[in-house]
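Enquirer: What follows is a structure written as structure tokens; I'll ask about it next.
The values are calculated or read from the model by the stated rules, or taken from the named source; none is laboratory data. Just so it is clear, the model here is predicted, and its values are computed rather than measured. Every residue, glycine among them, receives a Cβ derived from its backbone with ideal geometry; neighbour counts consider all protein chains shown.
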């Protein structure tokens, strides 16, 4: 620990010095600094007197209720918690889980909507607008094989949007 001439000792150096916890090389550096610095010598002397006064005071004994409560907490911490006690879920997570489960139940149990039957008038109006078979999306053979399964989906029975005729 090299100290500059204009530097003063820090508390992190003084307290371990007074407690005798500094390494020999650090202790020598602090003592050499104290020989040349009146301000640091005064600070160390004041802290030394304060520590002597504090050592004279008797330690306060804990109250009986404090000791009993401490022992109760230590006993409770030593006992293994039940599985329910270890499962500590924050209320926000429990609420989010409840919302997700409710949404999953609604999605699962909601009855599927039946497609509206295509009226002959709708077919005629599509033909009148000029929508022909070439304007409809091509149907892949796999979809045709599973038609019975797929007829439950509304999208198969929606009328495609009418294309505007290009004017030359």
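Enquirer: Please pick out the residue among 61, 69, 46, 26 that is modelled with pLDDT under 90 and either more than 44 Å from the chain's Cα centre (by Cα) or over 16 Å from residue 11 (Cβ atoms) (or both).
Expert: Exactly one residue qualifies, and that residue is 61.
Enquirer: Can I ask one more? Do we have residue 38 as closer than 24 Å to residue 55 by Cα and either modelled with pLDDT of 90 or more or touching a helix residue (DSSP H, G or I) at 6+ places or on another chain (Cβ under 9 Å) (or both) here?
Expert: No, not satisfied.
Enquirer: Applying the selection to the range 92-116, what residues are modelled with pLDDT of 90 or more and either on the phi > 0 side of the Ramachandran plot or in a loop (DSSP other than H, G, I, E, B) (or both)?
Expert: none
Enquirer: Working only within the range 47-67, note down all residues that are surrounded by fewer than 11 Cβ atoms within 10 Å (Cβ to Cβ) and in a helix (DSSP H, G or I). Please lay out each step first, then the result.
Expert: Start the filter on the range 47-67 by keeping residues that are surrounded by fewer than 11 Cβ atoms within 10 Å (Cβ to Cβ), which leaves 49, 52-61, 63-66.
Correct list: 49, 52, 53, 54, 55, 56, 64, 65, 66.
Enquirer: Would you confirm, using the coordinates I've provided, whether residue 77 is part of a loop (DSSP other than H, G, I, E, B), modelled with pLDDT under 90 and exposed (fewer than 10 other Cβ atoms within 10 Å of the Cβ)?
Expert: Values: part of a loop (DSSP other than H, G, I, E, B): no; modelled with pLDDT under 90: yes; exposed (fewer than 10 other Cβ atoms within 10 Å of the Cβ): yes.
Spelling it out, it is not the case that residue 77 is part of a loop (DSSP other than H, G, I, E, B), modelled with pLDDT under 90 and exposed (fewer than 10 other Cβ atoms within 10 Å of the Cβ).
Enquirer: Do any residues in the range 6-21 that are in a loop (DSSP other than H, G, I, E, B) have Cβ atoms under 8 Å from those of residues that are loosely packed, with under 11 Cβ neighbours inside 10 Å, where the two are at least six apart or on different chains, and which pairs are they?
Expert: Correct list of pairs: 8/39.
Enquirer: When the range 9-29 is examined, which residues are found to be surrounded by 12 or more Cβ atoms within 10 Å (Cβ to Cβ) and farther than 18 Å from residue 50 by Cβ?
Expert: Passing the criteria: 22, 26, 27, 28, 29.
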